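A short write-up of the structure that comes next.
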């Protein structure tokens with residue numbers, strides 16, 4: 001009996017260790033990958049400058065009230081995906097800053113992250129794309145610095161938003177085609193539709209609840 005009890009304890013410890021390893025190791029992502037395309041010197045210089053800025057992330061709202069409302073709304077929606085509040089708020093602040101900086105809707109970026117990595121920081125696709133926004137490592141060589149880590153929150157979001165902005169510029173504002181390029185599936189509808197659906201149905205802002213409350217105040 002003593003032997004069985006000891007064996008049970010050992011098995012529990014092994015299970016706990018396995019759970020820790022699963023969390024710590026990079027996780028696979030069901031995503032595509034940006035396709036390498038040669039860049040002109042001017043485009044390379046522009047993108048390199050875009051990813052090198054070291055200013056601290058900040059929320060770009062007209063007032064603190066608006067900033068608080070957005071953070072509170074998005075935090076509630078994301079609670080199950082990122083349970084730790086401090087980590088969640090830092091993530092949302094960084095998403096908002098990097099998206100706004102690149103001229104993107106932060107809710108669009110949240111939809112893209114949902115589809116690309118499922119909000120897994122250490123996600124790795126079969127093609128080698130990394131992190132929240134599934135950025136391909138060749139971008140580091142093209143426009144970045146060798147010591148940059150694509151699993152770092154801010155670096156990953158900076159690259160992801162810069163790359164999507166680049167593709168939007170190439171496609172002259174056509175978001176559907178830009179998303180296809182981002183995922184390496186240009187011309188196919190599945191991926192853009194998934195991102196646009198997540199943006200509209202999960203991360204649209206203001207939320208339907210907030211809209212009803214505002215309508216009630218106006219009435």
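Things worth noting here:
- Among (1) free of Cβ contacts under 8 Å to residues at least 40 places away in the same chain; (2) surrounded by fewer than 20 Cβ atoms within 10 Å (Cβ to Cβ); (3) under 12 Å from the mean Cα position of the chain (by Cα); (4) under 24 Å from residue 190 (Cα atoms) - the single one residue 152 does not satisfy: (4)
- Every residue from segment 178-195 that is more than 14 Å from residue 37 (Cβ to Cβ) and either without any contact (Cβ under 8 Å) to a residue 12 or more places away in the chain or assigned to a loop (DSSP other than H, G, I, E, B) (or both): 185, 187, 188, 189, 190, 193
- Matching option when the condition is modelled with pLDDT of 95 or more and surrounded by fewer than 21 Cβ atoms within 10 Å (Cβ to Cβ), among 216, 197: 197
- Extreme residue, surrounded by the most Cβ atoms within 10 Å (Cβ to Cβ), among residues of segment 155-169 that are over 19 Å from residue 94 (Cβ atoms) and in contact with a helix residue (DSSP H, G or I) (Cβ under 7 Å, 6 or more places away or on another chain): 166
- Comparison of 187, 144, 128, 103 shows that the only residue that is loosely packed, with under 14 Cβ neighbours inside 10 Å, under 16 Å from residue 47 (Cα atoms) and at pLDDT below 95 is 103.
- Search result, residues across segment 109-120 that are surrounded by fewer than 21 Cβ atoms within 10 Å (Cβ to Cβ) and in contact with a helix residue (DSSP H, G or I) (Cβ under 7 Å, 6 or more places away or on another chain): 114, 119
The values are calculated or read from the model by the stated rules, or taken from the named source; none is laboratory data. Here the structure is a predicted model, which means the values were calculated and not measured. Using ideal geometry, Cβ is built from the backbone for each residue, glycine included, and neighbour counts are taken over all protein chains shown.
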